[in-house]
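To start, the structure under review is shown below, and the notes come after it.
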Amino acid sequence: KVGLGFGVMTLILMGVVLLTIQQVKSMEVTTKRVVELRTPTAHASLMMLNGINHSLASLRGWIILGDLKFQTERSVAWQEQVNPSLKMMHGLAPNWTDKENKIRLKSIEEEINNFKTAQQKIEDIARTPENSPAQKILFEHAEPLEKSIVATVSKMIKQEMKDSKSSPNKQLVEIIANIETTTSLTLERADEFLLSGKQEFKKESLEKWKQHYEHIHKLKKNENNLNKKQVK
């Protein structure tokens, strides 16, 4: 009985030891997976996220301020954060136990490539006139026309000043001068609206246009008092 008791105790101890060894090995495998796989994967994910946010912030800085350093920062974000993290994930992917993560990685890579292409397109157009069609029309078409109109009206005023200083001529000078003023003010208010986006400038511009047409109408009524050069 004593020998049997010692034998049973020995078997129990052996079972405990074997179970402990098995658990330790299992823990080692888990620890190794965490240290060599899970942690690097999490690190790569965070580095990619930071890189994407960094590149986006730099792009915003370039759009708003136009400083070349933001272009450099965006390039650094891709070269030192996003691309290395993506490469690291590809190295870790074969050991991932969840197949869905491998599918997600492929999807993420496609989206990142599209994201990079979109950023480059934005950067290329951001500080060009094509980025703001309204301002392009203002600078390339409206302003030259406004200068041409004002120059022509100024010639009409000078021509009128050469003639006699009778009452009708004074009235014509006033009408033509008002046309010159409203032409400049309508464009000036439109420019302020484009820069600020405030509706009050748009309203003022439209009001000046209304006054402008009224002065044009008055001038047409007095067309008989204009000389040949003015009529032309």
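Descriptive notes on the structure:
- Scattering from the range 50-112 was approximated by placing one identical point on each alpha carbon and applying the Debye formula without solvent; log10 I(q)/I(0) at 0.17, 0.18, 0.24, 0.29 1/Å stands at -0.64, -0.68, -0.93, -1.13.
- The chain: angle of helix 2-33 to the longest principal axis, Cα-based, in degrees nearest 10: 20
- Accessible-area rank, largest first, for F6, F115, F139, F70: F6, F139, F115, F70, with all protein chains present and a 1.4 angstrom probe.
- Cβ-Cβ distance of K203 and I137, R₀ of 25 Å, FRET efficiency by 1/(1 + (r/R0)^6): the value works out to about 0.80.
- Rounded to 10°, Cα long-axis angle of helix 83-92 versus longest principal axis of the chain: 30
- For the pair the range 49-102 / the range 119-181, the C-alpha centres are spaced 48 Å from each other.
- Top positive-direction residue, dipole computed over the chain with Cβ charges, set Q199, L226, H54: L226
- Dipole size of the range 117-164 about its Cα centre, with +1 on Lys/Arg Cβ and -1 on Asp/Glu Cβ: approximately 160 debye, rounded to the nearest 20.
- Label point distance in nm, E80-I108, each placed 7 Å from Cα along Cα→Cβ: 2.2
- Couplings 3J(HN,Hα) of the range 224-231, computed from phi: 5, 8, 8, 7, 4, 5, 5, 4 Hz, in residue order, whole Hz [Karplus 6.51 cos²θ - 1.76 cosθ + 1.60, θ = phi - 60°; x for Gly and Pro].
- Sorted into 10 angstrom bins from 0, the C-alpha pair distances of the chain split as 6, 17, 14, 12, 10, 10, 9, 7, 5, 3, 2, 2, 1, 1, 0 percent.
- Placing +1 on each Lys and Arg Cβ and -1 on each Asp and Glu Cβ, with no other charges, gives the range 11-128 a dipole about its Cα centre of roughly 160 debye.
- Using a probe of 1.4 Å on the protein chains alone, the accessible area found for K198 is around 110 Å².
- Where N is the number of residues in the range 1-136, Cα Rg divided by 2.2 N^0.38 Å: 1.90
- For the chain, the dipole from Cβ point charges (+1 on Lys and Arg, -1 on Asp and Glu) about the Cα centre works out to 280 debye, to the nearest 20.
- Under 19 Å from a label point set 7 Å out along the Cα-to-Cβ vector of K32, the amide N atoms of the range 92-135 belong to 92-98.
- Per-residue 3J(HN,Hα) values for the range 48-58, derived from phi via the Karplus relation 6.51 cos²θ - 1.76 cosθ + 1.60 with θ = phi - 60°, read 5, 4, 5, x, 5, 5, 4, 5, 5, 5, 5 Hz in sequence order (x marks Gly and Pro).
- For the range 170-232, the carbon plus sulfur part of the accessible surface works out to 51%, probe radius 1.4 Å.
- With all protein chains modelled, accessible area of E80 [1.4 Å, Å²]: 120
- In the context of the full set of protein chains, residues of the chain present 71 Å² of accessible surface per residue (probe radius 1.4 Å, heavy atoms only).
- Where S55, S154 fall by accessible area, highest first, once all protein chains stay in place (1.4 Å): S154, S55
- From its DSSP helices (H runs of at least four residues, each -39,500 (n - 2.57)), the chain gives a residue-normalised ellipticity at 222 nm of -28000 deg cm²/dmol.
- Phi to ³J(HN,Hα) by Karplus 6.51 cos²θ - 1.76 cosθ + 1.60 over the range 61-70, Hz, x for Gly, Pro: x, 5, 5, 7, 9, x, 7, 5, 5, 6
- E214 accessible area, 1.4 Å probe, all protein chains in place, Å² to nearest 10: 100
- Over all projection directions, the Cα-based convex hull of the range 103-232 averages an area of 11.4 nm².
- E188-I125 pseudo-label distance in nm [points 7 Å out on the Cα-to-Cβ vector]: 3.4
- Angle between the chain longest axis and helix 143-162 axis [Cα atoms, degrees, rounded to 10]: 20
The values are calculated or read from the model by the stated rules, or taken from the named source; none is laboratory data. Since the model is a prediction, treat every value here as computed from it, not as a measurement. In this analysis, Cβ positions are derived from the backbone assuming ideal geometry, glycine residues included, and neighbour counts consider all displayed protein chains. Ligands, DNA and RNA are stripped out before the accessible areas are found, and what is left, the full protein with its side chains, is counted by its heavy atoms. Shrake-Rupley method; radii C 1.70, N 1.55, O 1.52, S 1.80 Å.
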